[in-house]
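The values are calculated or read from the model by the stated rules, or taken from the named source; none is laboratory data. Every value quoted in this text rests on a predicted model; they were computed, and no experiment measured them. As a convention, Cβ positions derive from the backbone with ideal geometry for all residues, glycine included, and neighbour counts pool all protein chains shown. The protein model used for the area step is the full one, side chains on, heavy atoms only, and it has no ligands, DNA or RNA in it. Shrake-Rupley method; radii C 1.70, N 1.55, O 1.52, S 1.80 Å.
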Amino acid sequence: MSIAPQDRLPRSPIYRQLVERGADFAEVAGAACAMAYGDDPKAEARRARDLAICDLSALPRVGFKDREAQSWPAAQGLLISPDNNMSVIQDDDALVARLADSEVLILSDLACRSGLCARLAEAWSPDPDPGVYPVPRRDTNCWLMISGRHTDAMFAKLCAVDLRPHKFPVGAIAQTSLARLNGIVIRADLGDVLAYHLLTDSAAAGYMWMCLLDAMDEWGGVPVGLAALRALPGSGP
């Protein structure tokens, strides 16, 4: 059932821009999520294969920092890369990104069937000292996904890091500057579709959204809803 995004908290920091683009919203994980931009989900899925941007800010995410940022999540059953700036897909399709020896980031799967973020939040307690503290990434960072065969060429306009598939493998992470904003880029293909997660400061989400749309225009890139990504092979169960 379609909902008005202003009737839900939390909601995307760019929900007004999504409304202007004609987004249709539904409740996902307790938040208003842009699910589609029209009545043709197959057409949106095709666009996602060429070049598209999807706002995933409604989906769960959390982070943990401090000296036990690797050992404490591992004790909760998470699979963590042995190397910094690499991510690992979990058995439930959630993604765990190792940003540093002292920091991890956890992203929900696109289907929102993983309860990993909620489970970790429940497991964490300050007493006794676990050696980590939670970072409220859902509040501090917007979350976008950029997909399609032109994605790496589009990123070349905004970012100095070489994100071409043969240089930037699946699971790789770049903590870098995009359009003069700090961001986290994670390659996370959806089946045979090239795709990247992008997280940046929620306060600058509107600016990043406009920069990405402008950079995409050369290849006809457009916003798509979460339903389009879920329709792609490899997006989860």
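Got a number for residues in the range 110-139 being under 23 Å from I14 (Cα atoms) and open to solvent by 60 Å² or more (accessible area, probe 1.4 Å)? Number satisfying all stated conditions: 3. Of all residues in the range 196-220, those satisfying the criterion of being open to solvent by less than 10 Å² (accessible area, probe 1.4 Å) and either in a helix (DSSP H, G or I) or touching a His at 6+ places or on another chain (Cβ under 8 Å) (or both) are A205, M208, W209, L212, A215, M216.
Looking at the range 99-109, is at least one residue over 28 Å from K167 (Cβ atoms) and surrounded by 18 or more Cβ atoms within 10 Å (Cβ to Cβ)? No: the range 99-109 contains no residue that is over 28 Å from K167 (Cβ atoms) and surrounded by 18 or more Cβ atoms within 10 Å (Cβ to Cβ).
On the basis of being farther than 20 Å from C117 by Cα and of a type in the set (F, W, Y), does W143 make the cut? It is false that W143 is farther than 20 Å from C117 by Cα and of a type in the set (F, W, Y). Within the range 70-85, residues that are farther than 18 Å from I173 by Cβ reach partners that are modelled with pLDDT of 95 or more and of a type in the set (D, E, K, R) with beta carbons closer than 8 Å, at six or more positions or on different chains, in the pairs Q76/R119. Candidates in the range 20-46 are the residues that are in contact with a helix residue (DSSP H, G or I) (Cβ under 7 Å, 6 or more places away or on another chain) and part of a helix (DSSP H, G or I); of these, the one that is farthest from L212 (Cα to Cα) is P41. Looking across the range 52-93, the residues that are farther than 30 Å from V222 by Cβ, assigned to a loop (DSSP other than H, G, I, E, B) and charged (D, E, K, R) come down to D66, R67, E68, D83, D91, D92. Per this entry, A23 is not counted among residues that are at pLDDT below 95, out of contact with any Leu (no Cβ under 7 Å at 6 or more places or on another chain) and either of a type outside the set (V, I, T) or within 19 Å of A227 (Cα to Cα) (or both). Here the condition is being of a type outside the set (D, E) and under 21 Å from G63 (Cβ atoms); of A227, A160, A204, it holds for A204 alone.
Pairs are defined by a Cβ separation below 6 Å, a sequence spacing of at least 6 or placement on different chains, a first member in the range 147-170 that is of a type in the set (F, W, Y), and a second member that is not in a loop (DSSP other than H, G, I, E, B); the pairs so defined are F168/R187.
Taking the listed residues A58, A43, A34, the one that is free of Cβ contacts under 8 Å to residues at least 12 places away in the same chain and open to solvent by less than 30 Å² (accessible area, probe 1.4 Å) is A43, with no other qualifying.
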